[in-house]
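This report concerns only the one structure given below.
We did not get these values from a lab; they are worked out from the coordinates using the rules stated. Quick caveat: nothing in here was measured; it's all calculated off a predicted structure. With ideal geometry, Cβ positions are generated from the backbone for all residues, glycine too; neighbour counts draw on all protein chains shown.
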Amino acid sequence: MGQAVGQMLPMAIGIAFSPLPIVLVVLMLATPNGRLSGLSFLAGWMFGLAFVGTAVLLVASAEQASSEGSPATWVSVLKAGLGVALLVLAVRQWRERSSSEGAPELPGWMQAVDTFSPAKAAATALLFSAVKPKNLILTIGAGSAIAQTGASTASQAGALAIFVVLASAGVGLPIAIYFFTGERATALLAELRAWLTRENTTIIAVICLIIGVTLIGDALSSLTT
């Protein structure tokens, strides 16, 4: 299982550092129903990652993602394609980065977060983790990376569980701050929100660039050996 965890680790970190979902959790925690909404968001987030990851593992298992201990050709081609998609996202995010020194305006729907029910919070998290392009690409990449190791079903399931936990660390951080830092939580969360909102596009661009190049490099290495 160690090899599978090592293969998916960059993708898990890339998903964990997703600025807008973290900001959304911070906003939720400031509402009267914040505790329940925050936990519901975390649950929906983890479910989305687990669902997509499991689907990838099932498809990869059926299509024999590993051949004699090495990634199958189709897996390497898929990783190369995912890497190119991430590079495209990196370029788009870099072009959209804010040129102003202040924090950019949040989308209108995020400013209405105080009206979110726990169910809506969970559904929103599901969309962010399982549908948003960056996270969807990274989760597919993680599932493919786990499958290509040819590990046992139990080891792959364990690696996927670790992936979900690590990839949820970002949205889980504000919740941990909220529950464990007492009176300091408000100030800490406000600082976290301001920084992430200001640097959102830059963070995503850098993450997509690094992981995109890594996926393409791994794919080319497998295809040429």
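Starting from the Cα gyration tensor of the range 115-173, take the square roots of the eigenvalues, sort them a ≥ b ≥ c, and report rounded, prolate or oblate (rounded when a/c is under 1.5, otherwise prolate if a/b is larger than b/c, else oblate). It would help to have the intermediate numbers written out before the result.
Details: a/c = 2.79, a/b = 2.07, b/c = 1.35.
It is prolate, given that a/c is not under 1.5 and a/b is the larger ratio.
Using the Cα gyration tensor of the range 132-225, with a ≥ b ≥ c the square roots of its eigenvalues, what is the shape: rounded (a/c below 1.5), prolate (a/b larger than b/c) or oblate (neither)? Intermediate values should be presented prior to the final figure.
Numbers: a/c = 4.04, a/b = 1.68, b/c = 2.40.
Here the range 132-225 falls in the oblate category.
Could you calculate the FRET efficiency of LEU220 with PHE47 from 1/(1 + (r/R0)^6), where r is the beta carbon distance between them and R0 is 41 Å, rounded to 0.05?
Working: r = 34 Å, r/R0 = 0.83.
So, using R0 = 41 Å, E works out to roughly 0.75.
Among rounded, prolate and oblate, which fits the range 6-57 when a ≥ b ≥ c are the square roots of the eigenvalues of its C-alpha gyration tensor, a/c under 1.5 means rounded, and a/b larger than b/c means prolate? Present the calculation step by step, with values, prior to reporting the outcome.
On the way: a/c = 3.89, a/b = 1.85, b/c = 2.11.
It is oblate, given that a/c is not under 1.5 and a/b is not larger than b/c.
Just add up the charged neighbours of THR139: K/R +1, D/E -1, any other residue whose Cβ is under 15 Å from the Cβ of THR139. The partial results should precede the final answer.
Working: positive: LYS79, LYS132, LYS134; negative: none.
That works out to +3.
What's the extension gain from GLU183 to VAL165 if we count 0.36 nm per residue and subtract their Cα-Cα distance?
Working: separation 18, 0.36 × 18 = 6.48 nm, distance 2.70 nm.
Taking GLU183 through VAL165 to full extension adds about 3.8 nm, to one decimal.
From a point 7 Å beyond the Cα of VAL88 in the direction of its Cβ, which residues of the range 129-148 have a backbone N at a distance under 13 Å?
Counting backbone N atoms under 13 Å from the label point, the list is 133-134, 137.
Looking only at GluC sites (Glu not before Pro) in DSSP loops with at most 15 other Cβ atoms within 10 Å, what is the longest site-free stretch of the chain? Display every interim value, and only then the final one.
Working: sites that count: GLU63, GLU68, GLU101, GLU105.
Longest run free of exposed loop sites: 106-225.
Would you mind ranking THR181, THR224, THR197 so that the residue whose beta carbon has the fewest other beta carbons within 10 Å leads the list? Could the numbers behind the result be given before it?
Details: THR181 13, THR224 7, THR197 20.
Neighbour counts put them in this order, fewest first: THR224, THR181, THR197.
Under a straight-distance cross-link criterion of Cα-Cα below 30 Å, which lysines are reachable from LYS79, leaving out those fewer than 8 residues away in the same chain?
Output for LYS79: LYS132, LYS134.
Kindly write out, for the range 158-170 in residue order, the coupling ³J(HN,Hα) from the Karplus curve 6.51 cos²θ - 1.76 cosθ + 1.60 (θ = phi - 60°), rounded to whole Hz, with x marking Gly and Pro.
x, 5, 5, 4, 5, 4, 4, 5, 5, 5, 9, 4, x
What are the ³J(HN,Hα) couplings of the range 9-21, residue after residue, when phi is run through the Karplus curve with 6.51, -1.76, 1.60 and θ = phi - 60°? Round to Hz, x for glycine and proline.
Rounded to whole hertz, the list is 4, x, 5, 5, 5, x, 6, 4, 8, 9, x, 4, x.
Quickly work out the ALA62-to-ARG35 label distance, labels modelled 7 Å from Cα along the C-beta direction, and quote it in nm with one decimal.
Distance between the two pseudo-spin positions: 4.4 nm.
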